[in-house]
Structures are given as C-alpha cells and as structure tokens.
1. Would you check if there is a residue in region 292-312 being crowded, with 21+ Cβ neighbours inside 10 Å and within 22 Å of residue 390 (Cα to Cα)?
2. Determine whether region 400-417 contains at least one residue that is touching a strand residue (DSSP E or B) at 6+ places or on another chain (Cβ under 6 Å) and modelled with pLDDT of 95 or more.
3. Quick one: which of 268, 263, 238, 275 is part of a loop (DSSP other than H, G, I, E, B), at negative phi, crowded, with 21+ Cβ neighbours inside 10 Å and not assigned by TED's automatic domain parsing to the domain that holds residue 157?
4. Of all residues in region 326-353, which are surrounded by 14 or more Cβ atoms within 10 Å (Cβ to Cβ), touching a helix residue (DSSP H, G or I) at 6+ places or on another chain (Cβ under 9 Å) and assigned to a helix (DSSP H, G or I)?
5. Can you pull out the residues in region 46-77 that are crowded, with 24+ Cβ neighbours inside 10 Å and over 20 Å from the mean Cα position of the chain (by Cα)?
6. Out of curiosity, is residue 157 surrounded by 15 or more Cβ atoms within 10 Å (Cβ to Cβ) and modelled with pLDDT under 95?
7. Would you pick out the residues in region 375-414 that are touching a residue at least 12 places away in the same chain (Cβ under 8 Å), outside any helix (DSSP H, G or I) and on the phi < 0 side of the Ramachandran plot?
8. Is it the case that some residue within region 312-322 is at pLDDT 95 or above, assigned to a loop (DSSP other than H, G, I, E, B), out of contact with any strand residue (DSSP E or B) (no Cβ under 8 Å at 6 or more places or on another chain) and outside the structural domain of residue 168 (by TED's automatic domain parsing)?
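The values are calculated or read from the model by the stated rules, or taken from the named source; none is laboratory data. This structure is a prediction, so every number in the text was calculated from the model and none was measured. Here the Cβ positions follow ideal geometry from the backbone for every residue, glycine too, while neighbour counts run over all protein chains shown.
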C-alpha cells in the first residue's frame, strides 16, 4: 500500500508546525494547541475511520479511584450542551456509520467508521465532547450502576476473568497495571461524579490527544477539518507524569482462585522487557517469535505436545505484546483435560520451554513461524481500523509509529540463537507468576459470560 504522492506542505502555512510525510505515505501535523493529527490515506473504498486517542488509561489512576478512566469513557456518551445524551450515537447511525470506544491500561480511544463524506460530522462531534461534556449527577448515578453490573457480569461471574485479575494483582508488585481496567468494586461503589469530572478536566485536553484518520481521504483536507474543529480548543496544563516503577522479579509467586467452574485453569506470566527503541531493540522481537513457536498455529509446540500428543490439555496458548507504556509480560495459559492435574500441565509447558532453552529452534521451524507471524501482521493491515489502531497504540505508548514497518524487518532478522537466548534469560521460575483456578461446584442453571479482552463502551 505504498503510495507515490507527496503532500504540498507549503500550502499548509497556517499550521503551527510543519506537516511531514513518512516514507509509507502516513502524514502528520501538530496543531497549535498541541494536538497531534495523523492521516493514513487508503483509497480502496470510499470509507474513513476516525479515532481520537487520549494518553490516559487505568495506569494513570490513583488508589481509591480505580476504574474512573472507564467510567468517564461511558460518560462521554452522555451529552454536551449542543448534543443531548444518546444523540452522539444516533447522529452517527443516521448517516450509516458505526462508533464505539474502549479503555485500556495505557489509553482511552473513541472511533467511528463512516462514508468519507461524513468525516466532518465525526470530527465535529468528537471535538464537542472533548471540550463541552456535561457531567450531570443524575446521568452519573445511572451509569455507575451500569459499570458495576458490567464488572459483575464480565469479571465476578466469569472464573477466567477473575483468574486473570488475580494474576495481574500478584504479577505486578507496585505498578498500576496490577489494578483491573474496570476498577475494583469498592472503588466503583464509592466513586462520585466529581471523580469523573476531575479525570475529564485533567486528561481530556487536545495536547494529550492524537487524532488518527485512515481511509479515502486527502491529508490536507483532514488537517483543515482538524484545525476547524479541534484547533479552537485551548491546550491545558497537564500533570507531570512520573513513570511508575516495577521492581525486578525476585522469585516465584503464585496465587490460587477457588470459584465455580467446569474445569481448572492455569495461567503463567514471566516479567519481560517491552519495546522501547523499535529500530535498536532485538529482545522484544525475539520474544514475539518465541510466542509464535509456542502457539499461533496447529503445529506450534504447545498445542502439538499438550493437546494432540499427550492429550493432557484441551486448550493451551502463549502470547506476548511488546507495545505498552508499562512493563510487559510473556504469557501462557491452559485448560487441563478432565481428570488431569494442573501440575501436570504446568510441567508440560515448562518441558517445552526447556526444550527450546536446551536445543533452540531449528531454521526450518523458525522460517515457518516467521512466515505465520509476518503474514498475520500484513493481513491485519488490510483493515482500516487496524491501521489506525497500530498508529494510535504506538503513539500513546511513546513510540514512533513510523517505525512500524521496520518492526516487520526486525522480526524477519530474528535468529534461532536469539529465540533461545530470550527463553533462557526471561522464562525462568524466578521471573514467573502462576495463577491456578480450582473449580468449585456450579450452581444449577448458572451460566458464565465470555471473558472480555478489554473494556469497551456498552449500550
């Protein structure tokens, strides 16, 4: 999707900072109020995806107000002076668009997918609620109950989600990643509309936001619209951010959850580095390949050994996400087969890791894994939404999103020796936290919700 066009920068003299074109046709500018605007033209269909990313997620919350980032996300749909509660969604739907939002540990994002002619509507509505949100006590009282019910349904009534929550609270000693994105129930019960208002007034400023637009658009036109709608919103002094620290692991940790469930579960996480310098780092790329060796396809080592050959697990997987503002984890999880002890499955996972530490990965296997990992990356980029997600995630994590294609090259360069080296260095018991679910009897008629990967706005 490389385009051979060059933006006429000189025509944009009214912008406070010069726009610049990256080698892959992504263009960005900085408005006078500090808001970053990134445009990725893609002319395959007359559609556009608009996303506003705030660099404020659950990791920025204080003790006693966990969950406020997600609560404010809900409240962003409750209206402004010009757009009454619920009207935002109705106006987007009326022109055939779709919209939603999500909160994560690192950021909060709002997005719309529409016909390209309707982009001005999306930007006008987003700018309005960035500056003019009405936080009424009545709407807050209703919505906080919605969020508490969401927590009951998605976490407290779901053993897998509860296990993950407990695992994170133990894996991290001091970093705010140890708190759930949706918040602890006691904090939600005590939350007030003033808590949400402080969060909004602190973080919802143009100089803490990135607008990402991907689709059948012209960058110059998008910049003009961004200036029209967002450029008039004044910047705000942001709090000085202190990067939360996390002590180096000093030994094996474990936690047991007893909850109603059909089968036991086990999750393992190892403390690992995150991606910080995309063009220089190598360990995060090697860890991505290690995850691909262990999981991601039918012949991967964990499902092949534990599910197909030994038949000690009905499901097993591994994963690693290097893009984050805080410390990263390498994860593995499994559901033992009926009658199989959790310890046997943990031993099976560790045995596969020891094989890699001892013997490495042969070149033929590594070539197959690279092809699968890289093809998954490329296929995802066919989606306008994912293209925007990639830019937004990298930008809010403090990474240069223009290096994302170099990430593919770095993945190609990973060697077998590097995969073996990161397995030896990081996947050790001293860096391991293990969480196990011991099932209790299920009440007759009890049904469990599916575990959710993130906190999304629900209407």
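1. Yes, there is a match, as at least one residue in region 292-312 is crowded, with 21+ Cβ neighbours inside 10 Å and within 22 Å of residue 390 (Cα to Cα).
2. No: zero hits.
3. 275
4. Listed by number, the residues that qualify are 345, 348, 349, 350, 352, 353.
5. 48, 75
6. For residue 157, the condition - surrounded by 15 or more Cβ atoms within 10 Å (Cβ to Cβ) and modelled with pLDDT under 95 - is met.
7. 381, 397, 399, 400, 414
8. Within region 312-322, not a single residue is at pLDDT 95 or above, assigned to a loop (DSSP other than H, G, I, E, B), out of contact with any strand residue (DSSP E or B) (no Cβ under 8 Å at 6 or more places or on another chain) and outside the structural domain of residue 168 (by TED's automatic domain parsing).
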